[in-house]
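Some notes on the structure that comes next.
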Amino acid sequence: MSSAFERATERIYDALTGPKPDTVEEIIAAREEVLSRYGPLFTPERAREIEEHEFTSFLHFRNNKHWSGLDRSIPSLTSDIEQLREGLARLVDPSEPLAERTTVAVRHVKGMGKATATAILQVAQPDDCGVWNSTSEHGLKALDLWPRFERGATFGERYARINDVLLRLADAVDTDLWTLDALWGVVDEENPPSPNLQFDDEPDEAPVEPNDDASGAEATARFGLERYLQESLRDNWATTALADEWCLYAEEGEPEAGFEYPVKVGYIDLLARHHEEGRWLVIELKRGQGSDRTVGQVLRYMGAVRRELAEENDTVEGLIIAHEASDRLRYAVGETPAVDLHLYDVDFHLRRETTR
């Protein structure tokens with residue numbers, strides 16, 4: 001047993017036996033309820049007849065009580081219900097090798113990413129299949145347990161390797177895979193995922209102040225819009241000037257892998273690759289006035305990309321996008337050639353509609 005694995009099991013065991021946030025306790029407690037409700041739906045026979053409303057109900061956090069954000073893919077997943085049914089039936093068929101059936105599912109079902117596919121597998125085969133999503137990926141990387149993959153490995157081959165590690169961890173601390181998945185945020189408290197997939201701002205940054213000429217309602221609305229800049233950039237990437245050179249990073253089974261990309265030292269807000277050249281772009285978003293500490297944060301993530309993703313001759317660049325920039329931030333960026341700075345505007349106006 002490697003020293004890294006021993007250290008990891010100690011961290012996980014401490015998280016398992018120690019005090020946990022109420023949200024984690026609630027997830028762990030919901031296991032039997034969720035498995036008994038949805039497990040019978042995810043069998044090869046039942047999956048071929050599953051109704052759209054039965055399937056989509058599982059994707060909502062209020063029902064699965066564990067994973068938020070799965071419902072974002074509902075329009076894609078249900079765009080071809082027959083294809084979805086066949087893909088689900090293949091995914092949960094234990095007579096097929098795990099690597100093959102998971103690869104088939106993510107390749108042939110539109111919108112079937114790693115988080116959705118492996119959450120379904122966890123409910124269908126709770127003793128055999130763990131969850132691979134951004135949170136568990138970051139946890140494994142932070143604990144130095146992320147497996148190495150052969151170049152060109154399929155989604156299923158990668159998942160099978162990851163699942164082997166999850167099974168070993170669960171066995172080592174004598175817990176189930178559902179509970180293990182709930183513990184990742186406790187295990188790595190220094191780098192939790194951003195709440196609701198929003199910003200990961202540093203605590204010393206100044207909040208956005210309303211403009212003198214803005215009404216309270218307009219300022220509040222603008223602040224709310226700024227909080228969702230990250231999602232807006234992801235959803236509207238093709239319309240931005242950045243899209244001329246860069247595309248958001250994608251992996252098989254995860255077309256939006258570049259959104260909140262997990263690395264050993266945290267989560268990258270947005271990760272992009274150049275269309276033609278061996279170049280990577282780490283994007284850090286700040287909803288307020290970015291501080292010079294942001295430069296260090298970007299450099300940390302750039303270092304992670306260089307070590308975890310980039311090829312030997314690739315270059316890694318950084319971009320900070322903020323609403324305002326202090327002189328401290330401008331000076332720091334000015335002395336860091338590999339990091340650039342963009343400012344954004346949010347224009348929000350209310351006007352009375354004439355109705356009488």
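We did not get these values from a lab; they are worked out from the coordinates using the rules stated. As the structure is a prediction and not an experimental result, all values here were calculated from the model. Cβ: placed from backbone, ideal geometry, glycine included. Neighbour counts: every protein chain shown.
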Diffing the stretch 167-184: the Karplus 3J(HN,Hα) column from phi (6.51, -1.76, 1.60, θ = phi - 60°), in whole Hz with x for Gly and Pro, holds 5, 5, 5, 4, 5, 5, 9, 6, 9, 9, 5, 4, 5, 4, 5, 6, 8, 4
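Using 0.36 nm per residue, how much length does the chain from Ser326 to Asp292 gain when fully extended, once their Cα-Cα distance is taken away? Write down the numbers at each step before the final one.
Details: separation 34, 0.36 × 34 = 12.24 nm, distance 0.80 nm.
11.4 nm is the gain from fully extending Ser326 to Asp292.
Work out the length of the dipole vector of the stretch 78-183 about its Cα centre, built from +1 on the beta-carbon of each Lys and Arg and -1 on the beta-carbon of each Asp and Glu, and round it to the nearest 20 debye. List each step's numbers first, then the result.
Working: 12 positive and 17 negative charges, 99 e Å.
My answer is approximately 480 debye.
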Note down the relative contact order for the chain as a percent, whole number, built from C-alpha pairs under 8 angstrom at least six residues apart. 13
So for the chain, taking the charge dipole from beta-carbon charges (+1 Lys/Arg, -1 Asp/Glu), which of Asn313, Tyr301, Thr240 sits furthest toward the positive end? Thr240
If one compares the long axis through the Cα atoms of helix 81-91 with the longest principal axis of the Cα atoms of the chain, the angle in degrees, nearest 10, works out at 60
Excluding same-chain residues fewer than 8 positions from Lys286, which lysines have a Cα within less than 26 Å of its Cα? Lys141, Lys264
Go ahead and estimate [θ] at 222 nm for the chain from helices alone: -39,500 (n - 2.57) per DSSP H run with n ≥ 4, summed, over the residue count, rounded to 500. -13000 deg cm²/dmol
Let me spell out the model: positive unit charges on the Cβ of Lys and Arg, negative unit charges on the Cβ of Asp and Glu, origin at the Cα centre of the chain. What dipole size does that give, in debye rounded to 20? 360
Potential lengthening between Arg352 and Glu100 on full extension [0.36 nm per residue; Cα-Cα distance subtracted]: 84.9 nm
Calc'd 3J(HN,Hα), the stretch 256-264, phi into Karplus 6.51 cos²θ - 1.76 cosθ + 1.60 (θ = phi - 60°), Hz, glycine/Pro = x, comes to 10, 4, x, 9, 6, 5, x, 10, 4
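So, with +1 on the Cβ of K and R and -1 on the Cβ of D and E, and no other charges, what is the size of the charge dipole of the stretch 3-187 about its Cα centre, to the nearest 20 debye? Intermediate values should be presented prior to the final figure.
Numbers: 22 positive and 31 negative charges, 129 e Å.
Magnitude of the dipole: close to 620 debye.
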Using the Karplus curve 6.51 cos²θ - 1.76 cosθ + 1.60 with θ = phi - 60°, what ³J(HN,Hα) values do you get for each residue of the stretch 249-254, in whole Hz, with x for Gly and Pro? 4, 9, 10, 4, x, 8
Which angle from 0 to 90°, rounded to the nearest 10, does the C-alpha axis of helix 293-308 make with the longest principal axis of the chain? 40
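Report the gain in length on full extension from His275 to Arg7: 0.36 nm times residue separation, minus Cα-Cα distance, nm rounded to one decimal. Before the final figure, lay out each step's value.
On the way: separation 268, 0.36 × 268 = 96.48 nm, distance 3.99 nm.
This chain segment gains 92.5 nm when fully extended.
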Net charge near Asn64, counting Lys/Arg +1 and Asp/Glu -1 over other residues with Cβ under 12 Å of its Cβ? +1
Once Lys and Arg get +1 and Asp and Glu get -1 on their Cβ, which of Leu180, His274, Cys129 lies farthest toward the positive end of the dipole of the chain? Cys129
Gap separating the Cα centres of the stretch 125-195 and the stretch 244-314, nearest whole Å: 21
